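Only one structure is covered here, and it is reproduced in the block below.
The values are calculated or read from the model by the stated rules, or taken from the named source; none is laboratory data. Just so we're clear, the structure is a prediction, and the values are computed from it rather than from any experiment. Using ideal geometry, Cβ is built from the backbone for each residue, glycine included, and neighbour counts are taken over all protein chains shown. In case anyone asks, the SASA skips ligands and DNA or RNA and just uses the protein heavy atoms, side chains included. Shrake-Rupley method; radii C 1.70, N 1.55, O 1.52, S 1.80 Å.
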Amino acid sequence: MRPVLAMPKAGDLTGARDVSVVRATDVTKTYATDGVEVQALRGISVDVAAGSFLAFIGPSGSGKTTLLNLLGCLDKPSSGSLEVAGTDVTRLDRRQAAAFRGARIGFVFQSFNLIPVLTAFENVEYPLVMVQERPARERRERVLELLEAVGMADQRDKRPEQLSGGQKQRVAIARALVTRPELVLADEPTANLDGETAHTTIALMKTMRDEAGTTFLFATHDTRIIGAAEIVYTVEDGRLTGRREGRS
Amino acid sequence: MYERVREIGTIAGIGTLPNRILSLFLVEGVLLGAVGAAAGVLAGAGIILVLNVWKVSVHFGGSLQLFVLSPRVDLFEVVLASVTVIAVSAVASVQPAVRASRMEPIDALRHV
Ligand SMILES: Nc1ncnc2c1ncn2[C@@H]1O[C@H](COP(=O)(O)OP(=O)(O)OP(=O)(O)O)[C@@H](O)[C@H]1O
Ligand SMILES: [Mg+2]
């Protein structure tokens with residue numbers, strides 16, 4: 001696989017290795033639907049260093065997606081403090097939050113969320129057009145590079161409905177990486193991938209971390225990601241109940 | 001519409017600014033209107049052409065006389081109708097466009 005991205009490491013930029021991308025203190029999230037309150041997060045405190053390759057694991061309903069939504073500035077904590085990429089994200093208004101996400105964060109959603117009327121190529125190109133407004137040539141190069149890297153270059157003119165689950169997932173991954181975000185939040189990004197594709201995709205993300213210092217946070221049940229992650233947090237009932245450092 | 005809401009959640013989620021979402025939807029409304037108007041003009045022109053070529057004739061009421069239809073319209077009417085169609089669809093897309101631009105991405109994304 002070709003090296004995908006050449007950028008200074010986050011550590012090099014600041015001159016320090018242990019810069020935090022995430023600083024969460026006593027973060028809680030309570031959902032209220034029809035008068036019924038659900039405490040999805042019950043006090044999460046975590047510090048994530050830039051360039052981490054980290055997985056949140058835990059049973060279904062434990063709060064992994066909720067946590068990623070807060071870290072991705074898609075939703076706000078009910079209480080606690082939360083800093084992402086040096087920004088107090090609890091204070092951003094809707095417009096500022098959108099600008100923040102577009103500039104700093106890449107999302108791989110649990111259900112892909114490709115745009116149905118666009119081709120695979122256009123889906124990956126979308127954030128470069130509508131969010132970051134890159135020139136056409138640069139867009140084309142970057143999109144093709146990433147489609148190539150996830151093995152989807154030959155399917156680039158197909159629309160999502162013409163793609164399999166695993167293929168959609170790879171397009172979704174390419175879309176998340178194409179903007180070269182500082183932080184990638186990926187919710188079950190390999191659930192639909194076969195062994196080899198999962199391996200290639202994980203290797204691609206790790207290369208991006210090594211070359212660009214991108215931080216990757218996963219929510220997953222997939223042993224292939226858990227094996228590749230350098231730090232694994234266990235989430236249970238809205239709390240972080242375990243942390244282990246694996247091999248790198 | 002379900003698909004649409006998810007789509008709004010997605011584009012907002014990945015960082016499209018609210019104003020941009022607003023203009024995307026307005027432009028879409030105007031374009032839909034323009035396509036509709038163009039389709040209307042073409043269909044109308046087609047019908048007029050057919051009537052003129054085939055010299056369709058009809059009896060009116062009980063009259064014994066045959067009327068040969070040779071319809072025509074002037075350009076001004078066509079332009080006026082088209083502009084009206086486009087304007088109406090632009091105006092009609094304002095409210096949904098505003099709503100789309102004000103959606104919370106997290107709510108829109110949860111729409112299944
Ligand atoms: N929008 C919502 N409204 C109400 N309750 C919610 C909402 N979203 C999540 N929850 C609840 O919050 C808890 C945590 O959900 P979450 O989606 O974060 O779990 P998860 O760990 O991602 O699960 P899975 O592994 O199945 O994806 C669950 O009890 C869930 O029912
Ligand atoms: Mg989940």
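Would a scan of the range A:46-58 turn up a residue that is facing chain B (nearest Cβ under 10 Å), away from ligand 1 (no atom under 16 Å from the Cβ) and surrounded by fewer than 16 Cβ atoms within 10 Å (Cβ to Cβ)?
Scanning the range A:46-58, I find no residue that is facing chain B (nearest Cβ under 10 Å), away from ligand 1 (no atom under 16 Å from the Cβ) and surrounded by fewer than 16 Cβ atoms within 10 Å (Cβ to Cβ), so the answer is no.
Among the residues that make up the range B:13-31, is at least one of them modelled with pLDDT of 90 or more, in contact with a Phe, Trp or Tyr (Cβ under 7 Å, 6 or more places away or on another chain), surrounded by 14 or more Cβ atoms within 10 Å (Cβ to Cβ) and not in a helix (DSSP H, G or I)?
yes
For the range A:101-125: of the residues being more than 16 Å from ligand 2 (Cβ to nearest atom) and open to solvent by less than 20 Å² (accessible area, probe 1.4 Å), which is farthest from the other protein chains (Cβ to nearest Cβ)?
That would be A:120.
Only one residue in A:135, A:77 is over 30 Å from residue A:164 (Cβ atoms), away from chain B (no Cβ under 11 Å) and within 16 Å of ligand 1 (Cβ to nearest atom), so which one is that?
On inspection, the qualifying residue turns out to be A:77.
Given (1) within 23 Å of residue A:62 (Cβ to Cβ); (2) out of contact with any helix residue (DSSP H, G or I) (no Cβ under 8 Å at 6 or more places or on another chain); (3) hydroxyl-bearing (Ser, Thr, Tyr), where does residue A:220 come up short, assuming only one miss?
(2)
Please verify whether residue B:5 is open to solvent by 30 Å² or more (accessible area, probe 1.4 Å) and in a helix (DSSP H, G or I), treating the condition exactly as stated.
no
Only one of B:87, B:92, B:108 is in contact (Cβ under 8 Å) with a residue 60 or more places away in the chain, more than 14 Å from chain A (Cβ to nearest Cβ) and assigned to a helix (DSSP H, G or I). Can you tell me which?
On inspection, the qualifying residue turns out to be B:92.
What is the residue count in the range A:181-197 for residues that are buried (at least 22 other Cβ atoms within 10 Å of the Cβ) and without any contact (Cβ under 8 Å) to a residue 40 or more places away in the chain?
Number of matching residues: 2.
Out of A:38, A:129, I need the residue that is free of Cβ contacts under 8 Å to residues at least 60 places away in the same chain and away from ligand 2 (no atom under 16 Å from the Cβ). Which one?
Details: A:38 fails: away from ligand 2 (no atom under 16 Å from the Cβ).
Result: A:129 is the single residue among A:38, A:129 that is free of Cβ contacts under 8 Å to residues at least 60 places away in the same chain and away from ligand 2 (no atom under 16 Å from the Cβ).
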